[in-house]
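Right, one structure below, let's go through it.
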Amino acid sequence: MPYPSGAPSSADPLGPYVDLQSVPRWRRLTAHPFIERMRLAVAFDYIAVSGLDIDGYRFGQAASIDSDFPPAFLDAYAADGLFTSDPFVLAAKGGSDGIVIESEIWKTHEPGQRLLYLTRTFKVQNRTLFPVMRNEIMYGSVCFTRSTPFDEDELNFLSLVAGPIHTTVTEPLMKRFATGEMKLSKGELACLWQASRGLTSEEIATATGYQQETVNSYIKSAVKKLGCSNRTQAIAEAIRRRIIP
């Protein structure tokens, strides 16, 4: 599919989309202020932020990517199906929780001629990928490229900021669509939000007008949908995913 040239020109770039399925999988990342600040600390040429912490959209499924890579590179990369054969991507999808460095991977897994041609032609060089994890699950990544390799201090810094970069870039999508994708109801969200304020089930019932049994049922259901084992974990997870403030 052609690479979108950018977000729709409106105050709310997600306005035209009704759900996550309608949002383009590949999105052009342009002049993001947080990323530009990080670029001042460690210079890099291009960046790609991949994956969402939602079933079907995690890293490796090519379902959610924000990138400022050259559009022609991405068009050709996608058209040739290189996601399925690129040693760099395959190494990252292998479940490693460490930094994936292109030059290290290519020492033992030679890239195809087409991939070499594209990376050289469009100067997408020294791809370096940092996984973004939740417990043992790698749901996202941040990939940087530069004409010269990153040194150890730069790698350490990028490792520290990869998570915040991923969170910042994907926050609009998560805030708008994550609730619907996880099928959380208004009642479940309301009870979870009240619980995050430290209220007991009895107090939540008073605040919301629900019966106490209903409150407990809603919270129990929310805990399950968020993949957690108790109320406290569910609250922390909902805050982390930007589902509740």
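Throughout, read-outs are computed from the coordinates displayed, never taken from laboratory work. Computed from a prediction, not measured in an experiment: that's the story for all the values here. Reconstructed Cβ throughout: ideal geometry from the backbone, glycine too, with neighbour counts over all protein chains shown.
Nearest 500 deg cm²/dmol is fine: what mean residue ellipticity at 222 nm does the chain get from its DSSP H runs of n ≥ 4 alone, each adding -39,500 (n - 2.57), divided by its residue count? The partial results should precede the final answer.
Working: 10 runs with 114 residues, N = 245.
Computed mean residue ellipticity for the chain: -14000 deg cm²/dmol.
Using 7 Å Cα-to-Cβ label points, what is the residue 153/residue 206 separation (nm, one decimal)?
5.7
Straight-line reach only, C-alpha to C-alpha below 23 angstrom: list the lysines that residue 220 could link to, leaving out same-chain residues fewer than 8 apart.
Within reach: 175, 183, 186.
For helix 212-225, report the angle its Cα long axis makes with the longest principal axis of the Cα atoms of the chain; keep it between 0 and 90° and round to the nearest 10°.
On a 0 to 90 degree scale, this one is about 10.
Below 19 Å, Cα to Cα, which lysines can residue 93 reach? Residues fewer than 8 away in the same chain don't count.
By straight Cα distance, residue 93 reaches 107.
Could you check the simple spin-label distance between residue 25 and residue 116, using points 7 Å along Cα→Cβ, in nm with one decimal?
2.8
For the Cα atoms of the chain, what angle does the longest principal axis make with the long axis of helix 152-181, in degrees from 0 to 90, nearest 10?
50
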